[in-house]
Amino acid sequence: MTKPYVKKDIKDKIATIEFFHPAHNSLPSDILAELAITITAAGKDDEVLVIILKSGGNRTFCAGASFKELISINDEVTGETFFSGFANVINAMRKCPKFIIGRVQGKTVGGGVGLASAMDYCMATQHSAIKLSELNLGIGPFVVGPAVERKLGVSGMSQIAIDANTFYSAEWAMQKGLFTKVFDTTEELDLAVEEFAKNVCEYNPEAVKHMKQMFWRGTEDWDELLQERAKISGKLVLSSFTKEKLKRFE
């Protein structure tokens, strides 16, 4: 696999949405936009009862923001637009009336931790260590922060945000509530995700819709909040500090 993609497959009322990028499943703006559109469409599809969100490849679940795109940002509007991509995906997941099951097979960084945090139920392998590396770049996990804090609590979120150099183990993430179960192998993970999705298909869709609204109560302002956070990141990415840090990735 060399070309980035977002694809959706529907089978037995289960929609599997998969994204891929050859740079460790990093997320450029076009992939983010396609993800938000695809999640929203699956949520509106009466043939879909549950959604599985996964990434391609065997190693990294998601490396976060595309460094290539970050390096190319030269004005605040472009910066805000880029970070709004993460806001749009998280808000699409939040508003989706179907449960979204996460399948995390490997390391997860930055915006990828935000995606995992926005899942309604997320399972992983023992290789799925997480890291919020944004402060190392002179920005911060502002857009994904509300989703991460909602899952890990203020203490857990601040711990990994401040300790931006460290990967925290999948077991740590499970203890904090990000992952519900951690498996030894990807094969075991896939079997568990499939079985769980089939079980969810037996639920009353109307009950699921109301439960989802209940679980996400208190996030009604996230359309505005995450957009404000995108503006902050869009400004910081232009700082001389961040520009100097990003030179390492050119």
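Key figures for this structure:
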| read-out | value |
| --- | --- |
| Helices (runs of 4 or more DSSP H) wholly inside region 101-180 that include at least 1 residues being in contact with a helix residue (DSSP H, G or I) (Cβ under 8 Å, 6 or more places away or on another chain), surrounded by fewer than 18 Cβ atoms within 10 Å (Cβ to Cβ) and of a type in the set (A, V, I, L, M, F, W, C) | 145-162 |
| Region 181-192 - residue that is of a type in the set (A, V, I, L, M) and closer than 11 Å to Val104 by Cα and, of those, surrounded by the fewest Cβ atoms within 10 Å (Cβ to Cβ) | Val182 |
| Matching entry among Lys198, Lys151, Lys209, Lys176 (being over 30 Å from Phe82 (Cβ atoms), of a type in the set (D, E, K, R), at pLDDT 95 or above and out of contact with any Asp or Glu (no Cβ under 9 Å at 6 or more places or on another chain)) | Lys209 |
| Matching entry among Thr81, Thr16 (being within 18 Å of Met119 (Cβ to Cβ) and over 13 Å from the mean Cα position of the chain (by Cα)) | Thr16 |
| Yes/no for Glu195 being loosely packed, with under 14 Cβ neighbours inside 10 Å and of a type in the set (Asp, Glu) | yes |
| Condition met for Met123 (within 23 Å of Thr16 (Cα to Cα) and either within 17 Å of the chain's Cα centre (by Cα) or touching a residue at least 12 places away in the same chain (Cβ under 8 Å) (or both)) | yes |
| One residue from Asp190, Asp184 being at pLDDT 95 or above, farther than 20 Å from Asp120 by Cα and charged (D, E, K, R) | Asp184 |
| Any chance Thr60 is buried (at least 20 other Cβ atoms within 10 Å of the Cβ), within 11 Å of the chain's Cα centre (by Cα) and not aromatic (Phe, Trp, Tyr) | no |
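The values are calculated or read from the model by the stated rules, or taken from the named source; none is laboratory data. Please read all numbers here as calculations on a predicted model, not as lab measurements. Note that we place each Cβ from the backbone using ideal geometry, even for glycine, and neighbour counts take in every protein chain shown.
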